[in-house]
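Q: Supplied in structure tokens, the structure appears directly below.
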Protein chains: 2
Amino acid sequence: MKEIPASGMLKKERHAYIINQINLHNKVLSSDLSLLLKVSEDTVRRDLNELSEKGKLLKVHGGALSKSFHFPYEQIDIYAQESKREIAKKAISLISEGMIVLTGGGTTMLEMARLIPDNLKATIFTISPLVALELAEREFLTVILVGGQLNKNSQVIMGSKTVRELSEIRVDLCFLGANGIDINEGITDSDWEVVQVKKAMIKSAARTVIMCIGEKLNSAQKMKVCSFNEIDFLITDLKSSNHKVQEYRGQVKVL
Amino acid sequence: MKEIPASGMLKKERHAYIINQINLHNKVLSSDLSLLLKVSEDTVRRDLNELSEKGKLLKVHGGALSKSFHFPYEQIDIYAQESKREIAKKAISLISEGMIVLTGGGTTMLEMARLIPDNLKATIFTISPLVALELAEREFLTVILVGGQLNKNSQVIMGSKTVRELSEIRVDLCFLGANGIDINEGITDSDWEVVQVKKAMIKSAARTVIMCIGEKLNSAQKMKVCSFNEIDFLITDLKSSNHKVQEYRGQVKVL
DNA sequence: GTTTATTTTGCAGGTTTTTGCGTATCTTAA
DNA sequence: TTAAGATACGCAAAAACCTGCAAAATAAAC
């Protein structure tokens, strides 16, 4: 994302420039504008406030947003956000430079996407448009969306087209959320289509990571995705000393 | 950009000179003009105020801006928002029940997605995750995202994978935005990858609709997407009586 | 060509705008 | 809870601005 730095601009010009940036990217950061326009952040803030009063944009902490546009992921409240962030951080530590990764959807995955550092070089396949859009801002990431039908509830891509596409790729690491995890049943889910996609994802990955908040442990759904021998890591927010965690130690590597 | 300093100019001459500068650079600084015209800044200011009152330019603190040239920005948001909505509405009227539709990305397309009624039954293929997410809320729509690499700037999916996937589908109607439209050059764009995807989209569609705000008419970019005989409709926000529109009537059906 | 009237210009002084920097306060993320 | 980052506020310097005025330039009249 390279913008042409501007110099010696009149106030009106700066304002116009800012509006333009907003139209292009739907948001601006005060810090970016300061560099781009070569004025202090104070001046940028004053500009943004003026434009905001004129109703041209929506001033927010750190910058401004387009008034007519809302990022879909900004309005999502995440349940158990702290836990999910914990999980996300552990998950990210598994990704090393140059890896090819595949991710599912869900809020945990979205949280993970948000926490992925700007300087990570990797290729990310995903079935979640939200994850893809979040990652699109990372300069060194190659983001590839798997094609297929968008599921209305889960906002991830699934269906036969997706399964077929997944069968054609090979990745190093696959990150999946889980609806149910049980020591006997393995990984389970309630939706048949979801199960098909997850199976396909696991199949195309050298190693699979299941990410799951502690409360979902020891709960089973109707359909089986896979058993523990098909997955390589289980990441939860629970401490390793937790008794729930201990049960799974024999079956899978728990982080 | 070196200007020829002028000396001993009459007021009228200075005014002409200033207007000329404005036409060339879209802005002038009082300080620059003072040096260039070898008169005091006060005189320059008086000149600018006079020209401003005559409506020849827009006086601002520090100099003046062109009036006729509305920046590629400035108010374009509000103004173009309306335009794009107009276009979007016309476009939607082309979709009938049960159709299979393919859409590109861009703000016009997003506006269109927002305006698609809740009760429309159709299948929508798209290369824009944003459009897909917007449409995911429509109960009777089947939304399918084409797979491929997510472009960071445009936030649409493109690349060879996308082109290949597009070659495997057949749709009734394809909606595309245009970067440049010119009566001789046809539809043009500035990015090679974009051109490849657009070509593939047009190829897989029985009929193609180009959506484009009036301003972009009669502007050409480096790369050619297609000529007018490959597209079926051109939708703009201009009235059908507009002379710009008339020119295209012979080549394509203009809405 | 000279004189007179008119316009234009530059300057001095005071006012306003704009901007950047410190400082204190607030937000956000970990 | 803490620390880093973003923000608001006040201030001061610089730049731009305006007003009035007298000198200079131009135009008009004689």
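The values are calculated or read from the model by the stated rules, or taken from the named source; none is laboratory data. All of these numbers come straight from a predicted model, not from anything done at the bench. Using ideal geometry, Cβ is built from the backbone for each residue, glycine included, and neighbour counts are taken over all protein chains shown. Side chains are part of the model used for accessible areas, which takes the heavy atoms of the whole protein and leaves out ligands, DNA and RNA. Shrake-Rupley method; radii C 1.70, N 1.55, O 1.52, S 1.80 Å.
Q: Given (1) within 16 Å of DNA strand C (Cβ to nearest atom); (2) open to solvent by 10 Å² or more (accessible area, probe 1.4 Å), where does A:Q155 come up short, assuming only one miss?
A: Of everything listed in (1) within 16 Å of DNA strand C (Cβ to nearest atom); (2) open to solvent by 10 Å² or more (accessible area, probe 1.4 Å), A:Q155 misses just condition (1).
Q: Answer with yes or no whether A:K152 is within 18 Å of B:V131 (Cα to Cα), without any contact (Cβ under 8 Å) to a residue 40 or more places away in the chain and either away from DNA strand D (no atom under 16 Å from the Cβ) or assigned by TED's automatic domain parsing to the domain that holds A:Q221 (or both).
A: Spelling it out, A:K152 is indeed within 18 Å of B:V131 (Cα to Cα), without any contact (Cβ under 8 Å) to a residue 40 or more places away in the chain and either away from DNA strand D (no atom under 16 Å from the Cβ) or assigned by TED's automatic domain parsing to the domain that holds A:Q221 (or both).
Q: Okay, moving on. Going through region A:45-64 one residue at a time, which ones are at negative phi and within 8 Å of DNA strand C (Cβ to nearest atom)?
A: A:R46, A:D47, A:V60, A:H61
Q: Could you please tell me which pairs satisfy a Cβ distance under 7 Å, a separation of 6+ or placement on different chains, a first residue in region A:36-54 that is without any contact (Cβ under 8 Å) to a residue 24 or more places away in the chain, and a second residue that is open to solvent by 30 Å² or more (accessible area, probe 1.4 Å) and aliphatic (A, V, I, L, M)?
A: From residues that are without any contact (Cβ under 8 Å) to a residue 24 or more places away in the chain, the pairs are A:S52/A:L58.
Q: Moving on. Identify, please: which residue in region B:47-61 is within 30 Å of the chain's Cα centre (by Cα) and either within 16 Å of B:R14 (Cβ to Cβ) or away from chain A (no Cβ under 14 Å) (or both) and is, among those, least open to solvent (accessible area, probe 1.4 Å)?
A: The extreme case among them is B:L57.
Q: Take A:A136 and tell me if it is touching a strand residue (DSSP E or B) at 6+ places or on another chain (Cβ under 7 Å), at the interface with chain B (Cβ under 10 Å from one of its Cβ atoms) and more than 16 Å from DNA strand D (Cβ to nearest atom).
A: yes
Q: Also: When you scan region A:146-153, do you find a residue that is touching a helix residue (DSSP H, G or I) at 6+ places or on another chain (Cβ under 6 Å), outside any loop (DSSP other than H, G, I, E, B) and on the phi > 0 side of the Ramachandran plot, even just one?
A: For region A:146-153, residues touching a helix residue (DSSP H, G or I) at 6+ places or on another chain (Cβ under 6 Å), outside any loop (DSSP other than H, G, I, E, B) and on the phi > 0 side of the Ramachandran plot: present.
Q: Could you please find all residues in region A:234-249 being of a type in the set (G, A, S) and open to solvent by less than 80 Å² (accessible area, probe 1.4 Å)?
A: A:S240
Q: Has region B:191-203 got at least one residue that is within 14 Å of chain A (Cβ to nearest Cβ) and under 18 Å from the mean Cα position of the chain (by Cα)?
A: yes
Q: Okay, next question. Restricting to region A:89-115, name every residue that is touching a Ser or Thr at 6+ places or on another chain (Cβ under 8 Å), open to solvent by less than 40 Å² (accessible area, probe 1.4 Å), over 19 Å from A:L150 (Cα atoms) and more than 13 Å from DNA strand C (Cβ to nearest atom).
A: Within region A:89-115, A:M99, A:V101 qualify.
Q: Right, something else. Specify the residue that is least open to solvent (accessible area, probe 1.4 Å); the eligible residues are those in region B:134-145 that are part of a loop (DSSP other than H, G, I, E, B) and under 15 Å from A:S154 (Cβ atoms).
A: Within region B:134-145, the match that is least open to solvent (accessible area, probe 1.4 Å) is B:A136.
Q: Here is a follow-up. Being farther than 18 Å from B:G62 by Cα, open to solvent by 30 Å² or more (accessible area, probe 1.4 Å) and within 11 Å of DNA strand D (Cβ to nearest atom) is the filter here, so list the residues in region A:3-39 that pass it.
A: Residues satisfying the conditions are A:L29, A:S31, A:D32.
Q: Report the residue count in region B:17-37 for those that are over 20 Å from A:L10 (Cα atoms) and either at pLDDT 90 or above or touching a strand residue (DSSP E or B) at 6+ places or on another chain (Cβ under 8 Å) (or both).
A: Qualifying residue count, region B:17-37: 1.
Q: Right, next: So for region A:115-129 (the condition being in contact (Cβ under 8 Å) with a residue 24 or more places away in the chain, within 11 Å of chain B (Cβ to nearest Cβ) and in a helix (DSSP H, G or I)), does at least one residue qualify?
A: So far as region A:115-129 goes, yes, one or more of its residues are in contact (Cβ under 8 Å) with a residue 24 or more places away in the chain, within 11 Å of chain B (Cβ to nearest Cβ) and in a helix (DSSP H, G or I).
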